Amino acid sequence: MVEGCSMKEMPLQAGRHHFLTALRVLQGMVVECNIEGYLDKNNQLLTNFANVCKIRYRISVVSDDIKTKTRNRKMSKTRSEPKLESVSTIEKTPRKRKKIFSVVFMPTLACNCRCSHCFEELAEGNAEDHNWELHFTEMRRLAETLKCNTLKVYWQGGEVLCLHPDTVQCALDIGAAVFKDSDITLEHHLQTNLLLYETSRWKEVISNFFLGSISSSIDLPNLFRLTPTLGVDEYNRAWLKKKDMAERDGFTVSVVSLPNHKTLELGAERFYRFFRDEALLKNVQVNFPFPGNSGLEPLDLKKLAGFMTDLYKIWVASGRDLNLSPFRAMEDRLLRGRGALPCCWTYSCASILLSIGPNGGVGQCDCWVATYSDHNFGTTDQPVEQLLDSDQRQPFLNRPLKLMRDTKCGECKFWGICFGGCPIRAFAFTGNLMDVDHYCPVYYEMFSIILDQAEHESQLEYEFSEEVEFSSSEKGG
Ligand code: SF4
Ligand code: SF4
Ligand code: SF4
C-alpha cells in the first residue's frame, strides 16, 4: 500500500492523456492520495479510474464550478445552495469481494423452435449422462476457487425441455450430490420457451429444483419466433396457453422481450398494455437484440431510445405496476445505490459469470459458447485455474479499463453504472469486443431519463411535504 501520495505537482492544465498515464501506474495498488486543484473534467475521469483501479482516494477540488456541485447535490439529495470557492471532498474505498457467481449451463443445443432471429448455432445432441458429474464437479471447484457462497446455475438451451424430465431430474440429483458436503448453496434457474411444457411431464421436476419461477420469452408483435408447425401469428397464442398452464401449476412466469422494428412502430403504450393487461405478466425484461448468426437488421437507435424513454414514462405514470427490467434495477442502482443490474452493466461480466455448453465447452456466456465458440476459455475437463487464466478470458476482464482509457466512456458520467456495456453487443456489430456497446446512445438516454424523473419526483415530494405540514398544523397535529 502506498500512502500519502501527493499529486499536487501535476499541473492543473494537465491533459487527459498525461493525467491517465500518471494514474495508470497506480493500477492494482491500494493507494491513498490527496489530489488538489483538479477541475471538474478530470474529476469525472478520476472517479471513473478509481472504480477500475481500487484506489482509495481523497480529492480536494477548489473550484467555482457550480455544475459539479449542483450534480453532487442532486445525487445526494441535499438542498443547500453550493458556495463558491468551497472545498468538496470525495472518499472512495475498495469494493467488497463478491460472494455470488453464476453459470449459464446449456445441457443441450437442440430446440423445438426455429426462430429466425436466433443467434445460436443449434444442433442435435445433449450433454452425455456420464458428463453431468464432470460438469457439476467443475462448477463446485469454480465456486470454491472464487470463494463464493452461492452458485446460481441458469439452465438454458437450445431448449431445456427438449430433454427428458428423467434426464433433468438425474442431472439435478447429481448436482445436489456433488455439492452435498460443501457450504456453497447451489441455486437452479430455468429459461425455456415453454412450448413443450406439460403438467404431467414437468411440474414435479421443475417445482422440486427451480425455486418456483420460470423465465421465458415473447415479443410484440411476434416477427421471428416460430416452430416447424406454428407460424409467427400462432406462436404467441400457443405460448400464452402454456404460460397459463405453468401458472396453474403454481409457477411464476417472467419474460424477456426483444423489441423489433414493428415494436417501435406500435409504440411503448401498446407494448406496456399487452404485457400488463393481456398477457397478465408481472415480471418483464426488455433486452436489446444482436445479430449473431441470424443476419438480423439493426434497429434505429434513435427510435429505440425514444421507445425506451416512452416506456419508462408510461411505467412511472402507471405507478410502476409491473416489475419492469431494466428500469426497476436502474432506479435502484442510480438513485439508491443498491440492486442487481443486468450483466451488461456489471464492471466485467467475466467476474460474475461464465457458461458451460453441452460438450463441456466453457466460455463467457451462452451468446459466445453457442455462437462464437472460438472465444471459449477451454473445457470442463481442465483445471479451473486454467480456465480463469485463459488468454481468451483476459479481454473480457480488461475491456472496461481499455474502454475507460481510450474511448468516450472515460468521461461519461454514467461510467460507474454502465462500464461500456456488453461485450457481445459490441462484437456482434463491429467484430471487436473491445468496442463500446452498440446500444450506448440508448443506455445514455435511459440513464438520463431516470435522473430527470428523480429530480422531478423529489421536487414533487418537496412540495407535497410542505402541504402535509400545513394541513397537519391546521388540524392541530
Ligand atoms: S431463440 Fe431460443 S427458442 Fe428460438 S430457436 Fe433459438 S434457442 Fe430456440
Ligand atoms: S457478453 Fe453481454 S450478455 Fe454475455 S455475459 Fe457479458 S454482458 Fe452478459
Ligand atoms: S453510456 Fe455509453 S459512453 Fe457512457 S459508459 Fe455507457 S457505453 Fe460508455
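The values are calculated or read from the model by the stated rules, or taken from the named source; none is laboratory data. Since the model is a prediction, treat every value here as computed from it, not as a measurement. Positions of Cβ are generated from backbone atoms using ideal geometry, with glycine treated the same way; all protein chains shown enter the neighbour counts.
Here is how the numbers come out for the structure above:
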| item | result |
| --- | --- |
| Of all residues making up segment 283-300, the number that are touching a His at 6+ places or on another chain (Cβ under 8 Å) and farther than 25 Å from residue 243 by Cα | 7 |
| Residue check for residue 141: within 16 Å of ligand 1 (Cβ to nearest atom), surrounded by fewer than 18 Cβ atoms within 10 Å (Cβ to Cβ) and farther than 17 Å from residue 205 by Cα | no |
| Among residues of segment 377-391, those that are surrounded by fewer than 20 Cβ atoms within 10 Å (Cβ to Cβ), polar (S, T, N, Q) and not in a strand (DSSP E or B), counted | 3 |
| Conditions (1) among the charged types (D, E, K, R); (2) surrounded by fewer than 17 Cβ atoms within 10 Å (Cβ to Cβ); (3) under 22 Å from the mean Cα position of the chain (by Cα); number of the one not met by residue 219 | (2) |
| Hits in segment 265-291 (condition: buried (at least 19 other Cβ atoms within 10 Å of the Cβ), in contact with a helix residue (DSSP H, G or I) (Cβ under 8 Å, 6 or more places away or on another chain) and within 29 Å of residue 427 (Cβ to Cβ)) | 268, 271, 284, 286, 288, 290 |
| Given (1) free of Cβ contacts under 8 Å to residues at least 40 places away in the same chain; (2) within 16 Å of ligand 3 (Cβ to nearest atom), index of the condition residue 382 fails | (2) |
| Residue under evaluation residue 398, criteria (1) surrounded by 15 or more Cβ atoms within 10 Å (Cβ to Cβ); (2) at pLDDT 95 or above, criterion not met | (1) |
| Criterion (of a type outside the set (S, T, N, Q), within 13 Å of ligand 2 (Cβ to nearest atom) and under 20 Å from the mean Cα position of the chain (by Cα)) met by exactly one of 290, 307 | 290 |
| Candidate set: segment 162-216, residues that are small (Gly, Ala, Ser) and within 23 Å of residue 137 (Cβ to Cβ); chosen: the one farthest from the chain's Cα centre (by Cα) | 177 |
| Check on residue 357, more than 28 Å from residue 441 (Cβ to Cβ), surrounded by 21 or more Cβ atoms within 10 Å (Cβ to Cβ), in contact with a Leu (Cβ under 9 Å, 6 or more places away or on another chain) and not polar (S, T, N, Q) | yes |
| Residue check, residue 235 buried (at least 19 other Cβ atoms within 10 Å of the Cβ), touching a residue at least 40 places away in the same chain (Cβ under 8 Å) and of a type in the set (Phe, Trp, Tyr) | no |
| Selection status of residue 425, more than 11 Å from ligand 2 (Cβ to nearest atom) and either over 24 Å from residue 296 (Cβ atoms) or outside the structural domain of residue 302 (by TED's automatic domain parsing) (or both) | no |
| Residues of segment 406-437 satisfying the condition of being surrounded by fewer than 22 Cβ atoms within 10 Å (Cβ to Cβ), outside any helix (DSSP H, G or I) and more than 8 Å from ligand 3 (Cβ to nearest atom) | 431, 432, 433, 434, 435 |
| Every residue from segment 229-260 that is assigned to a helix (DSSP H, G or I) and among the polar types (S, T, N, Q) | 236 |
| Boolean, residue 372 is surrounded by fewer than 22 Cβ atoms within 10 Å (Cβ to Cβ) and within 16 Å of ligand 1 (Cβ to nearest atom) | yes |
| Residue match in segment 329-340 (condition: closer than 24 Å to residue 148 by Cβ and surrounded by 18 or more Cβ atoms within 10 Å (Cβ to Cβ)) | yes |
| In segment 207-240, the residues that are within 18 Å of residue 153 (Cβ to Cβ) and modelled with pLDDT of 95 or more | 214, 215, 216 |
| Lone qualifier among 195, 190 - being modelled with pLDDT of 95 or more, assigned to a loop (DSSP other than H, G, I, E, B) and touching a helix residue (DSSP H, G or I) at 6+ places or on another chain (Cβ under 7 Å) | 195 |
